[in-house]
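See below for the structure under consideration.
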Amino acid sequence: MKINFFSALLIMLIGSASMVSAQKIISGQVTESDASGKLKPLPFANIHWLNTQEGTVADENGNFKLKRVSEANTKLVISFVGYISDTISIAAGHVIPINVTLSSGARLEQVEIRERMAGSFISSIKPIKTEIITTAGLQKLACCNLSESFENSASVDVGFSDAVTGARQIQMLGLAGIYSQLMVENIPFTRGLGSAYGLTYIPGTWMESIQISKGTSSVINGYESTTGQINAEFVKPWNTDKFFLNLYANHEGRLEANAHASHVLSEDKLSTLVLAHASTQLRKIDMNNDGFLDQPLIRQINVSNRWSYEKQGVTESKFGFSFLTDEREGGQLMKYKASDAIDNGNYVMRLNTRRAQVYDKTGFFFRNAPNTSLGLIFSGLYHKQESLFGLTEYNARQLGFYGNAIFQSQILNPSHIYNAGLSIMYDDFDETFGDTAFKRRESVPGVFAQYTYSPDEKLSIIAGLRADHHNKYGTIITPRVHFKVNIFEKTVLRGSAGKGYRSASVLAENTGMLVSARQLVFREDFNMEEAWNYGINLTQTIALNEKRDMVLSADFYRTNFINQVIIDLDQSFDRIFIYNLDGKSYSNSFQFNAEIALFERFDITAAYRLNDVKVTTAGELRERPLVNRHKGLFTISYATRFEKWKFDFTGLYNGRARLPVGVPHLEHAGYGEYSPDYITIHSQVTRKFKKFDAYFGGENLTNFMQHHPVLQPDKPFESGFDAGMIWGPLTGRMFYAGIRYSFN
């Protein structure tokens, strides 16, 4: 019946758009020319009819579509910050795609064109609601890695998963980040063993943007996205600085260095980029005097080499590799080295990770067939982790392979685009926890097809279906549908519905269980997790004047689980029961955003989010533990002329979260049924010099900390010890400073 619902919805939407499809559409691509004369897509360029308010924005590949409202519209203006605008004449009846190349404003003598880039914005052209965090947004805070890049976003929550390992976890729509698909340039990144620490494996300065979309994503990217998708775009070899260096330090003893260098080897074909990262936590910190380090001692080295090859109009290829080593030590180390602490009977956490990844993305274009291409994506992964949690060892190894072949073409005209392809996901896991070994192999071949109906920039409908065969769980069918319609000129309505699946890696994904004296009780074999997600979003843009807009956005999403692997913290204070869902589990999430540019170079964002998340544990439907019901966000950004000085302020309100029931040490620590609500404030000041930027700031300026994050710290090997009940900040007020240096 649900598949019939999708069919009926698709037919109604296409039928309602039949009159709109008769409009004449102008389409094309905006490109730029680099120093070698090589043409590259220019993403997010502005296109509008001269002397009108009718316009659009190019997508990330420079492509655009624009309706000609009247035959009087003959002059098309193409512009982008830092480039020379171009105006071209469009004859009546013109249907051939337009290719426009803009020249960099840097070529003008004694003329400098500047405009402040927004820190984040909602894409006006994507059928799926997508929040894009730009480079400017990433630099509003230090953003040392991906896990620290969402402080200015109300859509994503980030917190520590426990009080020992330093692992970070995200939440979207009130559910753990494992239900969101995290990708790097549309390649899955944190699956399996990478779930707990993968967010810290992506340095902030390596990214040029982050794309956040709620709800189910396209079937092209797989069956796993249930609550959303986060895609990080790295800097590109052909359009980044020849050399870039970022140095960072904070008063808690964290030091970090990031650098990358690019080089064009062939004037029109081959370029490369080397990225390097090194960070360490030197100082031992115990602000609450419980004998446990508030932050583990960390040593991380991360290196990546990226290549790009392009034969204009024929093929494009992006390939490379990365290698990471991550070492962590935590626990009762305030007075000891790790080996001495173990010998003295203290609790020690030790974790060593080695990770290597290779990838290739190659596209072939068919010159004689418009909008027709073939894309091939391959990725191979090796991940090995050796760890000790008190008296228990957890060692694991994962070998993974991902492949995706995507064919795209049109039916009759560009209004009808289809994608079809094949995919394969393969993972080989070898885990040992204490005296128990877990080995499993997952092989999932799949096929998919997707149809996009987009007669103009005002209407888009995407309907997709994929079938995958899991070697353990059998065949799974994933239907998904998305639509976008401009109800009025500045009013956009989006909706989505679809299904998501995932296979759980319970130990790797729940480090909070590993830093606890609770006994793990596995009641049964796990089934595939399965859920439906439905969502709707309304975005309204209000023009304040010719240069400034106010953008209002409201959305509602519901996730309803058919099956879920339950981590039950409620049944017993000394045991964690793990089993398949027996009852209801759902999430309702409502969010409202307002973004306004009060005056030039002064931006304000305000947001509020309400999560209603419930799950059946111990036979009773309850609020999901450790999930904030309310969240508020308020940001201010101001820059002086030419961005010589930049000031950024972020305030966050975090509402209360339900705590697990029947835990006596929570009660002894003074907690009731809920944690307290709290406010955190972050601020940063950036000073721009001729050849470098200097920045300094502070985080958690309210100095709020969760008291007693480690329960029964004086008896870590006895029943009652638990360092996984985390709902707030683990450290207090922190100050930092750094510099960014680059040259071309």
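The values are calculated or read from the model by the stated rules, or taken from the named source; none is laboratory data. Since the structure is predicted, the reported quantities are computational estimates derived from the model, not experimental observations. For neighbour counting, all protein chains shown are included, and Cβ atoms are generated from backbone atoms with ideal geometry for every residue, glycine included.
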Legend entry - Selection status of K242, surrounded by fewer than 24 Cβ atoms within 10 Å (Cβ to Cβ), touching a residue at least 60 places away in the same chain (Cβ under 8 Å), out of contact with any helix residue (DSSP H, G or I) (no Cβ under 9 Å at 6 or more places or on another chain) and outside the structural domain of K40 (by TED's automatic domain parsing): yes
Legend entry - Among residues of segment 441-484, those that are crowded, with 19+ Cβ neighbours inside 10 Å and either free of Cβ contacts under 8 Å to residues at least 40 places away in the same chain or of a type in the set (A, V, I, L, M) (or both), counted: 6
Legend entry - Filtered residues of segment 164-210 (kept if within 25 Å of F378 (Cα to Cα), part of a strand (DSSP E or B) and not acidic (D, E)): S180, Q181, L182, M183, V184, I187, P188, P203, M207, S209, I210
Inset, instruction - Please find, among A531, A597, A607, the residue that is crowded, with 16+ Cβ neighbours inside 10 Å, under 30 Å from K458 (Cα atoms), at pLDDT 95 or above and of a type outside the set (D, E). - result: A607
Inset, instruction - Report yes if some residue within segment 217-233 is assigned to a strand (DSSP E or B) and farther than 26 Å from H482 by Cβ; otherwise report no. - result: no
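Among A723, A694, which is modelled with pLDDT of 95 or more, in contact with a Gly (Cβ under 9 Å, 6 or more places away or on another chain) and assigned by TED's automatic domain parsing to the domain that holds R518?
Step by step, each of A723, A694 is checked, and only A694 is modelled with pLDDT of 95 or more, in contact with a Gly (Cβ under 9 Å, 6 or more places away or on another chain) and assigned by TED's automatic domain parsing to the domain that holds R518.
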Legend entry - Output for segment 322-349, where each listed residue is among the basic types (K, R) and surrounded by fewer than 19 Cβ atoms within 10 Å (Cβ to Cβ): K335, K337
Legend entry - Residue pairs meeting the criteria (Cβ under 7 Å; at least 6 apart or on separate chains; first outside any helix (DSSP H, G or I), in segment 632-645; second among the basic types (K, R)): S637/K140; Y638/R601; A639/R116; A639/R601; A639/K646; K644/K688; W645/R687
